[in-house]
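**Student:** First the structure, then my questions, so here it is.
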């Protein structure tokens, strides 16, 4: 995830300096070996350093002088690396080689020893991204087919829906090759999300075609009429989703752009496929559609509109009571900014637990300072060593000694600590990788280093990366959400030529977003912030389609009858279509939640699944109530509304 931080982020600049000066990265990975003597541990250290892709291997001999008895060394320092015959090594893994190198390390250490670290987390996610996407698709496609079969009257129509959107999904994911690479989050989420969001377009068109087949005997004429009829609704739905995903591309944390651009491309391709490919395909096989007709498989529920509109007053009161607490709660949720720990039922998770059991938590930090001022370096090391959360500081002045010039010792020693321009200090800390304690320590270390070196001191490490991610995405949140609201409002303003209709639609969907995102606060659960940020945009962009479909139909009927009657008829006709769309999107979300071991993808899935259901409830309960209550206001603020008026005798 650090690859997606902006270039000006402190940790990004620091990493570039580290790789240029030292040719390595932060030693954020650990191996614990059982039943080793000091000599055996030193031999293993050489084996580990010889593994292609491994660098910056650190062990006890880098912290204390092993030519002297261990009893003379600081006991706490020794316990950080060696205790009860257990040896703990820290090291770096070359970026981009995580999968290959961790596989080599598993071969080296066998089943009885433990491996943990940032590179292993990355390797695990990379391995799972492809297989979990296939697993999710294998579960999801049958569910979508079942939903479509239940919602249509032809056995072949579901195949047409999936073919039209499936073609666009394949083209979209194939054209990602022009980007060179995409995030595993994008790889896991984008194809399934594109399918769920844009399936509505195909449903709109074929339902309209089916209606016109009853009015004209010529299939081509029926398709032309269907395309003309459904084009505004499909365009409006695609545009709101399109602009919502474009807003993701403006995030400084570039995972938003990675996912946003892929989804924007996918929505455009789905729109083209539905308006160009699907009509041609349908006209080729319409006879099969006729031959495979069947009775509706779901029972018809009468008077849906009458029942739902009767609930308008209680619904308005209930929403008024919960909307403010939900809005406040969703901004007070506790957040996670990284991947989090691996499940303990996996090899990676059990290894982490075993290492922590014997050596406790450890999050290495690297401090880079300008080389040359030995006195300042020694004073800084002493200051850092007094911090409660710092268990050890490995540096030239603490390991070799400030009084011994680098020229007097071997290059294999000095190259760990000195480059031509910088001195490297490695801090072993006992904090988690993120949280108030970890982030507070980063600020404290940065302040101490700044006292000696000003702005020329740099910090690196997994917790530093997460600290920068936190600051970046929090800044993104307000801007990207406002951009999404503005662009979607503009599309709705053009579509409905009204000032109040966009406000009513956005209030309805945004209420469902706030309720959805407030659930973690009330259940005292931490939420992955990237998932929170993406879903706050995706839910709005994807589910506003439900409100557009209902509003488009309501406006037509409102020109023929009073508000209450128009809304009853609209709900009778459209609640089923909206329910199908919500069921598909919700299924996508919950399947991602169930199948993904990646906390970001899993949280996106859970929020999306729950959000789609909440949006459906708001659209069929709150939106009708708002239209009926504010009918006169809507009429006066809508250009050429032409609403029906009862004639007086």
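The values are calculated or read from the model by the stated rules, or taken from the named source; none is laboratory data. Values in this document were obtained by computation on a predicted structure and should not be read as measured data. In this analysis, Cβ positions are derived from the backbone assuming ideal geometry, glycine residues included, and neighbour counts consider all displayed protein chains.
**Student:** Does residue 37 satisfy the condition of being more than 23 Å from residue 19 (Cβ to Cβ) and modelled with pLDDT under 85?
**Tutor:** Details: more than 23 Å from residue 19 (Cβ to Cβ): yes; modelled with pLDDT under 85: no.
No.
**Student:** Whether any residue in the stretch 350-358 is at pLDDT 85 or above, under 28 Å from the mean Cα position of the chain (by Cα), buried (at least 21 other Cβ atoms within 10 Å of the Cβ) and assigned by TED's automatic domain parsing to the domain that holds residue 59 is what I want to check.
**Tutor:** yes
**Student:** Just to be sure before I move on: is residue 409 farther than 29 Å from residue 521 by Cα and surrounded by 15 or more Cβ atoms within 10 Å (Cβ to Cβ) in the structure I sent?
**Tutor:** no
**Student:** Still on this structure, I have one more. What residue, of 513, 480, is at pLDDT 90 or above, under 24 Å from the mean Cα position of the chain (by Cα) and outside the structural domain of residue 439 (by TED's automatic domain parsing)? So that I can check it myself, show each step before the final result.
**Tutor:** Details: 480 fails: at pLDDT 90 or above.
Answer to the check: 513.
**Student:** Only residues that are in contact (Cβ under 8 Å) with a residue 24 or more places away in the chain, surrounded by fewer than 23 Cβ atoms within 10 Å (Cβ to Cβ) and under 25 Å from the mean Cα position of the chain (by Cα): list them for the stretch 95-122, please.
**Tutor:** 95, 97, 99, 122 - these are the residues of the stretch 95-122 that are in contact (Cβ under 8 Å) with a residue 24 or more places away in the chain, surrounded by fewer than 23 Cβ atoms within 10 Å (Cβ to Cβ) and under 25 Å from the mean Cα position of the chain (by Cα).
**Student:** Let me ask another. Looking at the stretch 147-155, is at least one residue surrounded by fewer than 21 Cβ atoms within 10 Å (Cβ to Cβ), at pLDDT 85 or above, touching a strand residue (DSSP E or B) at 6+ places or on another chain (Cβ under 9 Å) and not in a helix (DSSP H, G or I)?
**Tutor:** Yes, the conditions are met somewhere in the stretch 147-155.
**Student:** Which residue is nearest to residue 625 (Cα to Cα), if the candidates are limited to the stretch 554-611 and must be touching a strand residue (DSSP E or B) at 6+ places or on another chain (Cβ under 6 Å) and buried (at least 21 other Cβ atoms within 10 Å of the Cβ)?
**Tutor:** 603
**Student:** Scan the stretch 609-649 for residues that are part of a helix (DSSP H, G or I) and at pLDDT below 90 and jot them down.
**Tutor:** If the condition is that a residue be part of a helix (DSSP H, G or I) and at pLDDT below 90, then no residue fits.
**Student:** Please specify each residue of the stretch 446-462 satisfying the condition of being within 30 Å of the chain's Cα centre (by Cα), at pLDDT 90 or above and closer than 14 Å to residue 384 by Cβ.
**Tutor:** Within the stretch 446-462, 446, 459 qualify.
**Student:** Could I ask something else about it? Residues 485, 425, 459, 493: which one is without any contact (Cβ under 8 Å) to a residue 60 or more places away in the chain and surrounded by 22 or more Cβ atoms within 10 Å (Cβ to Cβ)?
**Tutor:** Numbers: 485 fails: surrounded by 22 or more Cβ atoms within 10 Å (Cβ to Cβ); 459 fails: without any contact (Cβ under 8 Å) to a residue 60 or more places away in the chain; 493 fails: surrounded by 22 or more Cβ atoms within 10 Å (Cβ to Cβ).
The unique qualifying residue is 425.
**Student:** Could you check the stretch 22-45 and list, in sequence order, the residues that are closer than 21 Å to residue 119 by Cβ and surrounded by fewer than 17 Cβ atoms within 10 Å (Cβ to Cβ)?
**Tutor:** 23
**Student:** Answer yes or no: is there a residue in the stretch 402-421 that is within 30 Å of residue 353 (Cα to Cα), in a strand (DSSP E or B) and either touching a helix residue (DSSP H, G or I) at 6+ places or on another chain (Cβ under 8 Å) or in the same structural domain as residue 450 (by TED's automatic domain parsing) (or both).
**Tutor:** Filtering the stretch 402-421 down to residues within 30 Å of residue 353 (Cα to Cα) leaves 416.
Pick out the ones that are also in a strand (DSSP E or B) and you get none.
Within the stretch 402-421, none of the residues are within 30 Å of residue 353 (Cα to Cα), in a strand (DSSP E or B) and either touching a helix residue (DSSP H, G or I) at 6+ places or on another chain (Cβ under 8 Å) or in the same structural domain as residue 450 (by TED's automatic domain parsing) (or both).
**Student:** Moving to a separate point now. Can you pull out every residue in the stretch 400-415 that is modelled with pLDDT of 75 or more, under 49 Å from the mean Cα position of the chain (by Cα) and under 16 Å from residue 65 (Cα atoms)? First the steps, then the outcome.
**Tutor:** Pass one, the stretch 400-415, residues modelled with pLDDT of 75 or more: 400-409, 414-415.
Those left that are additionally under 49 Å from the mean Cα position of the chain (by Cα): 400-402, 406, 409, 414-415.
Selection gives 400, 401, 402, 409, 414.
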